[in-house]
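Below: the structure, in structure tokens.
The values are calculated or read from the model by the stated rules, or taken from the named source; none is laboratory data. Here the structure is a predicted model, which is why all the values come from computation and not from measurement. All Cβ positions, even for glycine, are placed from backbone atoms using ideal geometry, and neighbour counts span all protein chains on display.
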Amino acid sequence: MKKISIKFIPYEKMKKNMELVFDELKRGSIVIIDSKLSPEEESEIITKTMENVDLKFKGIEISTMDVSVDRNESSGGKFTTLIVEKLRRILTGRERGITIIGSANLVKKIEKTPEELLLYM
Amino acid sequence: MPIKRLLRFFNRLFKKKKQVKLGIYGPPNGGKTTLANRICLDWLGEELGSASHIPHETRRVQMKERVVIQSGDGKTLDLTVVDTPGIATKIDYEDFVKKGLSKKEARARAREATRGVIEAIKWLDNVDAVIVVLDATKNPVDQVNVTILGNLEARKIPFMIVANKIDLKKSNVTRIREAFPNTKVIGISAKYGHNMDKFYEALFELIN
């Protein structure tokens, strides 16, 4: 039976030390971060990935999923929820969502639909 | 980084640029070098670099200066064409072995390719406008494409998408337009020069 570890890394912890992500990926874990990454953070992840690539570690598959209220709740007309969410974004500088990263040795492809992420191993 | 962005903004606002650094970005094997060569051939009569069916053929940023292109109404653009290595999230030397390289060559190519990706990302701070080259036969909803476009938006760099390889039966420009509805998408075949007049027209609109 094959065992796969899914490791949760809080966004703040990842921001302080991005190498944590690569330590986990090299151990064979799939990493989940509790935030959508900004484009700059995504390019930083790619840069770090390239620095980590060697004969054993081939890189990553990464995908982000937006779970912002704009898409899911705005149709419900919850104006106050939207304001609260905008304020949260301004104060935390973060977008609601998740980022999933798997080592390319393990995850061959991640496909994204508006509702789900599909990992092909 | 924010200072660089601010400087670029004021540069655009107050200074009429004489030369425009046009970055050519995208995932590997989309046809970036083929497009760079097409532009250089059309206006300079010489190519910029070598293209190959093996991914990561371009592993260093390469450029051609003084590529002066002209519009139908006589306007000119003085470009420095900057061809960048393909941006990827994974590089496996074994993929190069499968394409016929020896293990030694494949490992060296993989090592150089990783450096190339880093260099391409760093160069985002040095370009004035960008053409993102996507292979029109492939699914455009890919995290690398999203990351490249997101970075261009965040840096406020003008950009457009080229859906390349429209000469191939499997190409689907509409799929790219639907995936990125807020971005100008031009379908071309850089290899055969199809639709290049539309591409140059769009380039003038993008930069002017």
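Structure data summary
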quantity	calculated
Residue, nearest to the other protein chains (Cβ to nearest Cβ), within the stretch B:73-99, restricted to residues that are touching a residue at least 24 places away in the same chain (Cβ under 8 Å) and exposed (fewer than 15 other Cβ atoms within 10 Å of the Cβ)	B:LYS99
Search result, residues across the stretch B:126-174 that are closer than 21 Å to B:THR89 by Cα, of a type in the set (A, V, I, L, M) and within 14 Å of chain A (Cβ to nearest Cβ)	B:VAL130, B:VAL132, B:VAL141, B:VAL144, B:VAL146, B:ILE148, B:LEU149, B:LEU152, B:ALA154
Those strands (runs of 3 or more DSSP E) lying entirely in the stretch A:7-121 with at least 1 residues at pLDDT below 90	A:60-66, A:97-103, A:109-112, A:117-120
Set A:GLU19, A:GLU24, A:GLU44: member being over 18 Å from A:ILE110 (Cβ atoms), touching a residue at least 12 places away in the same chain (Cβ under 8 Å) and away from chain B (no Cβ under 14 Å)	A:GLU19
Residue check, B:GLY116 in a loop (DSSP other than H, G, I, E, B) and touching a residue at least 40 places away in the same chain (Cβ under 8 Å)	no
Residue match in the stretch B:107-114 (condition: within 9 Å of chain A (Cβ to nearest Cβ), among the hydrophobic types (A, V, I, L, M, F, W, C) and over 28 Å from B:TYR192 (Cα atoms))	yes
